[in-house]
Structure formats: C-alpha cells, structure tokens
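These notes concern the structure reproduced below.
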Amino acid sequence: MTKTAKTSVSKFGRTQTLVITSLLAALIMIMTFTGIGYIPIGPLKLTFLVLPVAIGSIILGPKIGLLLGTIFGLSSFITCFGLDAFGAVLLSINPLYTFLTCVVPRMLCGFLPGLIYRGLAANNKFLAKHDKQDIVATSIASVSTALINTLFFLGFMWFLFAQDFLNNEEVIEVLGGTVIGSFKTLIVAFAGINAIIESATALILGTAIIKALKYCLKRLS
C-alpha cells in the first residue's frame, strides 16, 4: 500500500478500522449460522462468505483479511458439530484434519488477496474516484479470494481424506452412494461450478461494494 493509502486510512484511526472489521466479522457469523451464506450443491456447499473476507482484505489489508478469514474458517468448523452433515462425517473421521480443512484455506483466502491487491495497486492513489487500474486490481483481488478458497478447500479435503472417501461407509452414504471414481467427478464438477459462481459474485458484487466503500471513505476524509 502506498504512503497515500496509509495516510487516508490512518486519518480515521483505529476506531474506523475496528468498526469496519467488527461489522464484517459479524456479517460472517450471521451468514454462517443463519445459513444465508451457503447454497447446497449435493453434499457440498457453495459459499458467499468470501465476500466480507475479500472486502476486509482489500480495503483494510492482508492482516485484517487474515483475521476475517480465520473467523470464516472457525465458523465453518463449528458447523461441523451437527449443523452440516458432510462436515459432521469428516469430524467423526479426523477432527484435526477437519479443522485444517475448514480453517487453513479460509486463512489463505483472507490473507493472500490483500497482498495481491497491494502488489497490483502499489503505485495507485488509494481512494481515487476514477482509477481504472485500481478497479482492475480490486477485481482481480476479489476474484482471487473465491478461487483461493475453492482450490485450497477442495485440495485439503481431497489430500487429507482421500482414503476415507474410498473406504468410509458414512462418507459414501452422505455422497449418495458414490464410489471414489464418481467422487473425483463430483469434486471436479463442484470445483468448476463453485469457481464460476463464486468468482462471478466476487467480481460483480465484491468489486462494486469495495469501490463504493472506498468512495464513502474518501468523502468522509
């Protein structure tokens, strides 16, 4: 982030950062435990919880993004305790692996987009009203949030639970009786659907919300 960026944000002090972070964290919790942040696709779920994470990471920086991503991951892990059938099965197989699968990918999808944005927008004025390069940087960083979440979540799940998908009767039952070959197809199909929908949502809504919030911050400065 440029010196201009730091000056613009620091003018509001820690209070503004705390307020925005708290609101985004509360939004993550509400979306998680009311179910409005998820759309079931077979045994797995499409999530829109990457939106508040992307907003925080891009506007407030990768450290805040990491915090919000961690909250996202922990809330996801909590749903494995009876709120999500597939997550509950994974938890019964290996709690540690389930924790890692739920939390680590979400930490990365909170931290990395902030770094991506900073790298792409390093020479930009932070709250520029009409800055095409900043829009491009914001869009790419927003989309990366969804892609990182999908890639690492499915990657962790497959790497840590591959043998259980093949041998565990509970997993096979939750998956509707599929075998390992079918599950590979399911993972690939879900990755494609998830990546397309979440990326489109992040691109359109995420970019629009972030640019609007930046504009509001500029007007208040």
Starting from 0.36 nm per residue, how many nanometres of slack lie between residue 33 and residue 205 once their C-alpha separation is accounted for? 59.8 nm
So for each of 97-110, 75-88, 151-164 I average, over its residues, the number of other beta carbons within 10 Å; can you give me the resulting order with the highest mean first? 97-110, 75-88, 151-164
Stretch residue 133-residue 163 to full length: gain in nm at 0.36 nm per residue minus the Cα-Cα span? 6.2 nm
Give me the net charge of residue 147's neighbourhood, meaning all other residues with Cβ under 14 Å from the Cβ of residue 147; Lys, Arg count +1, Asp, Glu -1. 0
So, with a 1.4 angstrom probe, what is the percent of accessible area on the stretch 42-91 that is carbon and sulfur? 75
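The values are calculated or read from the model by the stated rules, or taken from the named source; none is laboratory data. These numbers were taken from a predicted model, which means no experiment stands behind them. Every residue, glycine as well, gets a Cβ built from its backbone with ideal geometry; the counts of neighbours run over all protein chains shown. What goes into the accessible areas is simple: the full protein's heavy atoms, side chains included, and nothing from ligands, DNA or RNA. Shrake-Rupley method; radii C 1.70, N 1.55, O 1.52, S 1.80 Å.
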